[in-house]
Every structure is written in C-alpha cells, then in structure tokens.
Amino acid sequence: MRVSFAFGVPLACGAWLAAWTAWMPEARADAFEATRSALLVERDHDISMTLHYGHAELVVRRTAYNGGDRHDQAMFWIDVPEGGVAVGLRTLASLRGRPHWFDGELLEAELAAERYRELTGIGGYYPKDPALLSWRSASQLALQVFPCPPQQAKSVEYTMVIPATYSDGRYRVTLPAMGTEQITAQVTVVGASARDQVFVDGLPVGRGAVVNMAGDHMFELARTSAPTLDGGLAVVPISDDRVLFHYDIEAAPRLSHVPQSADVVVLLDRSRSLGEDDRAAEVVLARSYLAHFDRRGLDAQAAVIAFDRKPEDLLHGLVPAREATALLEHVTLAGRNGSHIDAALQHAERLFDGAKPGRVRRIVLLTDRLVRSGLALARLEAIARRTGALIHVVDASHGATALERIDGEPWSALAQQTGGVLWHAGVDPDDDDLTVRNAIFEELARPLRIDELAIRAPGIMDVDLDAPATLDEGMGASAMLLADRRVEHVVLTGLLWAEPVRKVLLPDADQGELWSALSFGTGLAESLSEPDMMVLAVRGHAVSPVTSYLAIEPGVRPSTEGLGEGEGGLGLGGIGRGGGGTGSGFGTVGRAHKVDLDALMRAHATTALQACGGTAGSAHVILESTFAEIVDVGAVQIGGDAVLEDCVREQLWGVELESPFSSEFATWDLQV
C-alpha cells in the first residue's frame, strides 16, 4: 500500500505565496483597511461558535460603518486559528424592503477575482455589490466588501471550521486573541447538544456564554453520555490512485464504573517466599483497592483472606467494605510456610455460595505465583471457574507505585478466562500520597483503558495508521494520509480487561465533507496537484489555494461609484490572482453549480455576431481552444456575407476565455 503524509506549507501556493508573504502584515492579528477614507471603520466583530464532537464551527459577523460621503471598500485581513478553514460566506442586504442574507458561491479563485473586479469596476456592468473571501495562506484569509454605502453599516458573515483535539474526555479548541487593535471579537459559545456541558478555560459555563477574545481562551465540550468507543471515518476519492483517508477514535470519558452490589474477596499471600516488605506492599495495595468499593450507594461487601498452607478469614465472612478497609489499617502479615492458592480460592467459593444471589463477584489474588509443583494450573482454573467471580491475579512487590498488565503467560490465561487480568504491581508502603496511589490501583476496580488496541483498514499497513497500543479513557487518536485505493471500512478491536471491544467505522459523508475542508488546514496541499486540491475544496466547500467565495447582492449604487484602477486591492489585480488561484482551469464550483462550457463559448460567439450587426441564429462557427485560449477560428459561415464573416472572425479572435476552459485541446462547433 503506497501512502504519503501531508504536512507543512502547501507547495501549490508557489510564487504568489512568497510575494504575499513579503506584502502582508507580519503580526498574527486581524487587520482592517478602508480603500478610500479613514471614516470607514469596523464597528462590530461577533462570533457564534458551536462545539461539535470533533470540530468547532465559527460563524463570524463583521460589521463596518462608513462615516464618509462616498461608497468605499472594506478590506479585512483575517488571522485563521490553527487548523481552521473557511467554508462559507454571505453578505447582508435587503430584499423587497427587508434584511436578507445573500449566500456566497464557491468559485475557482481566478474566476472569483475577475468577477469581483467586474462587479466593482466603473463601466457598463449592471450594478451588483460583491464580497470576496480568498486564500492568502493557511493562516490568513482576505475579505473584501464593496460598496460600503455612506452613512450606513455593512455586515458580512463567514464560516470557519476548526478541528478539535480530544483528551481527558473533552473536545477542545483553543482560540488566539481575535479582532483588530480597534475592535475585540466577542464569542458566544454553545454545544451542538444542549445536554452537553461547555467549559471555558476549564470552568463550566451556561449555554450561550459570551467570551471577550482580548486574549487566548480554551473552549471544551464534554458529552453527557458517550459510547465506549466512538469515532469517524472520512474516505474521499481524489483521483484514480489518490484517496484522502482520515479516521479519529475516542474512548469514552469514563469507560466503566465500579460495580454496585459487589461481593469482593481479597486473597493475601503471606507465604515466606515473599519478604516482609513485599507482604506489607500487598496489604497497602489491598487497602487502596477496597477504597474504591467503600463508597456510599455501592452496597459493597468484602472479605479478606490471608493464606499460606491454609486460608485464614480475617473478617469471618463478608462484611461492609468500610469494615474491611478499617481492618487493613492494622494488619501485618507474618510470613508462613505454604502457598495453597487452591485452598484460598475454595474458601472464596464457599463465601460466595453463602452470599445473596444476584450480586457481582470479584476476587483479587495477591501472590508471587510460587506454588507447589503438584498444584496444576488446570486445577486452579477449574476452581476459578466455579467461583463465578472475575479474578485478578496480582504479583505485588515493594517498589515505586505502579501497575502493569501482563499478557501471554499461563497465569494470565487463568485470569482472562474469568474476565480478569494478570498484573505486576509495585507498591511503596512509605508513600503517603494516598490520592495518587488509589488512582493507580483504581484499575483493579474498573477498566480505565482499552488495551491491545488494533486499528485495521484493508489495504493500509498498520504502521501507517499510527495507532496507539493502548487508549486510555477520555483519550483519542487520529491519522490522515493519502492512500492509493478506496478504504471500505476500519475495524477497531481491543480489550477492556479481558472483555473484547470492537467497533466498525464506515465512511461517512459528513466526515468526508468536513475533512475535505480541514485538509487545507493541515498542509495536505503540499502533496496535491491543483486539480486534486480542487476536488477536495469542492467537496468541503472550502476556501483554498484554488477556490474563493464570492457573495453577490443586488446593487443599488450608481455604476460611476465603482472602484477605479489602483483602488481595488486584492480583487483588482493586486498580485494578479485574486483569491490566490493557481491556474487550475476550473470554473464555478459551488455545491450545485456546474459550468456549461458550450454555453460560455456560444455566448462569446453571439457577442461577436451582435457586435458586427448580425442576427442570432444566422451563423455557424467552428472554434478550437487549448486551455483558456482560442487557438483557431475555423469556419465562420453567415449566409455568404463575407464582410460580416470577416468582422465576426476578428471579434472572435479578440475573445478572452474564462479559466474554466481547462482542456488541453477542444473543438467547438457552434450554431449562433
């Protein structure tokens, strides 16, 4: 499987990016400029942020006020939060006397820039008022709005999506200070679900909290309920041998709970093969373990059995867990001969037989596993099965406090057949930090992570999927790469203690759309050709090196109020590429708009015919083009009128084709 990873700055930005890097402001902050007058100022910068599972959506409203006496152009330099991508634009005007938002259209970048120039220029164009949102770099966008009428406010909105990280059970987005030196942005934040909790800088806030963005702030979303293992899969074909592949997985903030109504038996090996320090370590570990059952409402009972050759029931049966933890404060295990684990397990079996039915059964066997040769492991496995309990086997010793899972050994098989695990534990009895110790040994009371995690995608090598071997609760993992074939599914497997966990991820259309857009915030364009970028930009409705948004409203200004040469800024020549286009040769790429090249060429021929005084329906024209060039004007037949034919021919030679004409060679046989 051939894969290539995408990081860094898009190579496709090319020379125009270098030119703009030298031109644009150095500080990473928004900037506002007026083209004609300092009396055009930004008045409001409001952001509505919705936190989703895996990303945030920001709807940003910018309002400028023109205190001057001429129509003016507002220019915003927008600092994009890390990883963010713009996916929408609209402009506020009026329709039939009422306020109305006019949605933008995603266009090929050069086409958008040219249309903006036409719509804002002086001349015979029908008055239209546009806003242009274009790519400058992965960290900066440019927004141009014209006209801003005198003594009036003008509002535009753009939408950005930003990837969220997932850790500690929360989806997290950190935003830098936002706004300009004059205006600070205000963010109103909500969760996509009203049931979920939003946090700002670690503190819970109510739905619709408003945050002043004079500095950095961290926004988080915690789900009210979540599946054990969740995730998403994006699979987006780009070309015959290139597919965008992205997965993300999240372990629930809490993978499990300490069970209610549990009968817990702790078996303490006090054989002499354990030193005094190791026996003391067992007692400390048992106390930390039982502390998780010593909670109100759990209704847990516990028994503590010390064993050598014979088991000794230190509490004479099952008692409330609180009594058991109190006892262990005063227990010292004196070393004795014998390690009759079978007898200890049989005693636990009898305790369970005398307990109330329907209660959860747990055994923690603390032992160094040094037993008599005549004690076959098969015998212990049979007794373990009869207890009906989930059994952990723990090899505890004096040392730095830690807990490590052990797999692949015979004793691990004994534990796993019951749903438990074989562990090695280090315990420092002299460590007084009970909080840390109890947190470490909580994993004996409930699963805290998914072990032996495997992520498999047919056709992609495991190493390329960059999957962790263990996924702690509340943590996530993700990977993005370019594959050479379509991936039909991803299978996640792992273990919660010994219980298998499995989840299948299928390609999701919404995830495909989201990550097609967000790929432009990762540097993926470095690995893509311009046509490849166009595929992702169209799928994700994203501003990119090859696409821009143009929002047009019905104009009410006189055409003589258009911008003159030298006034336009980006959309009027600037660096010659408007929205940072790279000459990909694509036309309008809105969600439901496809360029009709035949109609465009026929319109050019009709214009030529009419300019020469011909009438529609009288001409037959054959043209040839290479990309956006008319390479030949072939037959021009207009009823044998040589003068008219010559005139039309000359007019056609003067046609400038739009960038959507991207074929290396094309012939156009037109009836006009």
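The values are calculated or read from the model by the stated rules, or taken from the named source; none is laboratory data. None of these values were measured; they are calculated from a predicted model. Heads up, the Cβs are rebuilt from the backbone with ideal geometry, glycines too, and the neighbour counts pull from every protein chain shown.
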What number of residues within region 651-671 satisfy the criterion of being in contact with a strand residue (DSSP E or B) (Cβ under 9 Å, 6 or more places away or on another chain), not hydroxyl-bearing (Ser, Thr, Tyr) and not in a loop (DSSP other than H, G, I, E, B)?
-> 7
Flag for Asp433 being under 34 Å from the mean Cα position of the chain (by Cα) and of a type in the set (Asp, Glu) | no
Could you look through region 508-525, keep only residues that are among the acidic types (Asp, Glu) and farther than 16 Å from Thr547 by Cα, and pick out the one that is surrounded by the fewest Cβ atoms within 10 Å (Cβ to Cβ)?
-> Asp510
Do the conditions hold for Leu298, that is, is it assigned by TED's automatic domain parsing to the domain that holds Arg361, buried (at least 24 other Cβ atoms within 10 Å of the Cβ) and under 20 Å from Leu351 (Cα atoms)?
-> no
Among what's in region 608-644 and is part of a helix (DSSP H, G or I) and crowded, with 16+ Cβ neighbours inside 10 Å, pick the residue that is nearest to the chain's Cα centre (by Cα).
-> Ala608
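Of all helices (runs of 4 or more DSSP H) completely enclosed by region 337-435, which ones contain at least 1 residues that are of a type in the set (Asp, Glu) and surrounded by 15 or more Cβ atoms within 10 Å (Cβ to Cβ)?
Ranges flagged: 341-353, 377-387.
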Here the qualifying pairs (Cβ atoms under 6 Å; residues six or more apart or on different chains; first in region 62-73 and among the β-branched types (Val, Ile, Thr); second part of a strand (DSSP E or B) and surrounded by 17 or more Cβ atoms within 10 Å (Cβ to Cβ)) come out as Thr63/Ser155
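Restricting attention to region 214-223, which residues are among the charged types (D, E, K, R) and touching a residue at least 60 places away in the same chain (Cβ under 8 Å)?
Step one: of region 214-223, the residues among the charged types (D, E, K, R) are 216, 220, 223.
Hits for region 214-223 are Glu220, Arg223.
Determine whether region 224-232 contains at least one residue that is touching a helix residue (DSSP H, G or I) at 6+ places or on another chain (Cβ under 8 Å), touching a residue at least 60 places away in the same chain (Cβ under 8 Å) and under 30 Å from Ala509 (Cα atoms). Spell out how you get there, then give the answer.
Initial filter on region 224-232 (touching a helix residue (DSSP H, G or I) at 6+ places or on another chain (Cβ under 8 Å)): 232.
Among the residues that remain, those that are also touching a residue at least 60 places away in the same chain (Cβ under 8 Å) are: 232.
Narrowing further to those that are under 30 Å from Ala509 (Cα atoms): 232.
Checked region 224-232: at least one residue is touching a helix residue (DSSP H, G or I) at 6+ places or on another chain (Cβ under 8 Å), touching a residue at least 60 places away in the same chain (Cβ under 8 Å) and under 30 Å from Ala509 (Cα atoms).
Anything in region 497-522 that is of a type in the set (S, T, N, Q) and over 27 Å from Thr470 (Cα atoms)? List them, or say none. Even if it seems obvious, please write down each step before you answer.
Here is the first cut: in region 497-522, the residues of a type in the set (S, T, N, Q) are 511, 516, 519, 522.
Passing the criteria: only Ser516.
For region 79-184, which strands (runs of 3 or more DSSP E) that fit wholly inside it have 2 or more residues that are of a type in the set (A, V, I, L, M) and surrounded by 22 or more Cβ atoms within 10 Å (Cβ to Cβ)? Outline the logic, then answer.
Working: elements: 85-95, 98-108, 128-137, 140-148, 152-163, 165-167, 170-175.
Counting at least 2 such residues, we get 85-95, 98-108, 128-137, 140-148, 152-163, 170-175.
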Scanning for something surrounded by 22 or more Cβ atoms within 10 Å (Cβ to Cβ), among the acidic types (Asp, Glu) and over 30 Å from Gly459 (Cα atoms), does region 213-226 turn up at least one residue?
-> yes
